[in-house]
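Scroll down for the structure; my scribbles are underneath it.
Computed from the coordinates by the stated procedures, all read-outs in this text should not be read as laboratory data. Note that this is a predicted model, so its numbers are computed, not measured. Note that we place each Cβ from the backbone using ideal geometry, even for glycine, and neighbour counts take in every protein chain shown.
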Amino acid sequence: MKKLLAIAATALALGLTPLVGLQASPADDLAAFQDYFKKKFPNTAFEDYKNGVYAVDEASREQWEEMEEFPPYELAIDDGEKLWGKKFANGKSYADCLGKDVSAIRVKYPYYDDKTDDIVTLEGAINKCRTDNGEKPLKWKKGKLAKLSAYIAYQGRGQKIDVKIPNEKAEAWYNKGKHFFYAKRGQLNMACADCHVYYSGQKIRADILSPALGHTTHFPVYRSKWGNLGTMHRRYAGCNKQVRAKPFKAQSKEYKALEYFEAYMGNGLELNGPGSRK
Amino acid sequence: MRKKFRLLITSASAVAIAAVMGITTNSAIAGDGDKAASPLEEGKKLAFNKKKGNCLACHRITGKDMEGTIGPPLIAMKSRFTKEALIAQIADARAKNPNTIMPPFGAHAILSKDEIEKVADYILSL
C-alpha cells in the first residue's frame, strides 16, 4: 500500500511531447490542440466534439442517440429546478448569488477570480452561495449539487465555451492544469493525454477512448455505470484511480486547474450538458 | 462490458487490500487453487488478469476477444523477440520509448521478477 502511494506521488515526471511546448502561450496551445484532433479525425466536424466518444465512434453512436431520446438525466433536471427555486432559511436564493437569468450562468464557468486568485467552478459557486447564506455545503460529486448543476447546464445549452485567461496569475493556473494533464501518474504510469489525446479513438479493452477536446461541454454526466449523475471532478477522480494513482479531492486546486485547462482547450464548442454516457 | 470497466477502476483498492491481508498475489491469482498449473498456464493467467498484466487491455492476442487496439498485436513473438528482450520490454517499456503508455511492470512493481518471466514465457509461445 505504501509503495502504491509513493509511486503515485513521485511519478510526476513530465511526459510533454512536441504537441505543446512548455513555454507556449495558451493561445498557441489551443490552436495546436484543436488542430491535432482535426488531423487525427478528419471526418469529425469541430462542432461534433461536444458529443465525446460518439464524435469519433460511429458504432456506439446510434445506441447513444436512442438513449438520448428518453434521457436518463431528465428527472435530475426536474429535481434541480425544484432545488433552484427553494429559498434558503434567510429568504435568499441561488438566483441572488448566481443571477436571475438561469440560461446565462453555465457559460460563465470556470473562470479566474482575481480577488481570490482562484478558479471558480460552477459547483464551487453553488456551494459558496449556500455557505455565504448560512446553509451547509452540498456533497461535491453527486446528488443535489449535481442536479442543480444539471438544471443550470440544461438551461444554458447552446452557448459556446469562452474561457478567458486574463493575466499572468490566471496563466499560472492554466499551466498547473496543463502539467497535470500531460504528467504521467499512478502505478500504471499514464497521463490523461496518453488515453485522451494520443490514443483517443482506440480501444482500451472494450472501451473506446474519448478525445479530450470537448471533455467539459456536457457535464454533469449521467453514466450508466454510476446509475446517476456525476460532476466533472467525480470523473477526474475515477480516471486517476484507474491508473492506480491517488485521486485528489473534488474542488482541490489540482482538479480546478485541470478543469480550467480542459475547458479552455474546448473554447468555441457548444455547451450541451447534462450528458449521458455508458 | 460495464463490469470489466469497474474491475479496472477498482483494481487499485483490490491490490491494496491484498497487500494489507498479506496475500501473495502470485499464488492467489496465478495459482487459482490449482496446484498443478504449468508455468505456461500461470503466465497466461498473469497476462490476462486485469490486476496483473492486463495485456489484453492494449494488445490483441489471437483467440481472445474484447482486446484493445493501443499496442501492436502480440503475434509471432519467437521470431521477433529473445526472452531477454521481451523481459526488458515488459519490465520497463520506457527504455525503448520514454513516453510510452505501456506500464513499467517491473519498475513499478506491478509484476514481480518471477511473474514477468512467466508472462514472457507465455508471450513467447504465441
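Here's how it looks for A:M190: its modeled amide H is under 5 Å from those of A:R185, which are all 5 or more places away or on a different chain.
In this structure, the pairs whose alpha-carbon distance is over 21 Å, taken from A:K39/A:K256; A:K142/A:K256; A:K136/A:K160; A:K178/A:K256, are A:K39/A:K256; A:K136/A:K160.
A straight Cα-to-Cα reach below 17 Å connects A:K92 with the aspartates and glutamates A:E81, A:D101, A:D132, A:E135, residues fewer than 8 places away in its own chain not being considered.
For A:N228, the amide hydrogen comes within under 5 Å of the amide hydrogens of A:R223, counting only partners 5 or more places away or on other chains and with H modelled in the peptide plane.
Normalised by 2.2 N^0.38 Å, where N is the number of residues, the C-alpha radius of gyration of segment A:38-194 stands at 1.23. For segment A:157-203 and segment B:55-80, what is the separation of their C-alpha centers, rounded to whole Å? Here the two parts' Cα centres lie 29 Å apart. Annotation: chain A has a Kirkwood hydrodynamic radius of 19.3 angstrom, from the mean reciprocal C-alpha pair distance. Roughly how many Å is it from the Cα centre of segment A:205-278 to that of segment A:29-70, as a whole number? One Cα centre to the other: 15 Å. Mean-square fluctuations from a GNM of chain A, with a 10 angstrom spring cutoff on Cα atoms, peak among A:R157, A:R61, A:R235 at A:R61. Anyone know which of A:F261, A:F219, A:F70 comes out most mobile in the 10 Å Cα GNM of chain A? For chain A, modelled as a Gaussian network with Cα springs under 10 Å, the answer is A:F70. Cβ under 15 Å from A:G268's Cβ, A:G268 left aside: what net charge do those residues give with Lys, Arg +1 and Asp, Glu -1? Its environment carries a net charge of -3. Comparing A:Y222, A:Y199, A:Y49 in a Gaussian network model of chain A where C-alpha atoms under 10 Å apart are linked, the largest mean-square fluctuation is found at A:Y199.
Electrostatic bookkeeping for A:S200 treats Lys and Arg as +1 and Asp and Glu as -1; over the other residues with beta carbon under 14 Å from its beta carbon, the sum is -1.
Computed across segment B:37-124, the Kirkwood hydrodynamic radius from all distinct Cα-Cα pairs reaches 12.9 Å.
Neighbouring Cβ atoms from other chains, within 10 Å of the Cβ of residues in B:88-100, number 2 on average. Cross-linked pairs A:K241/B:K64; A:K87/A:K147; A:K147/A:K278: Cα-Cα separations exceed 23 Å for A:K241/B:K64. The fewest-to-most ranking of A:D35, A:D79 by surrounding Cβ atoms within 10 Å reads A:D35, A:D79.
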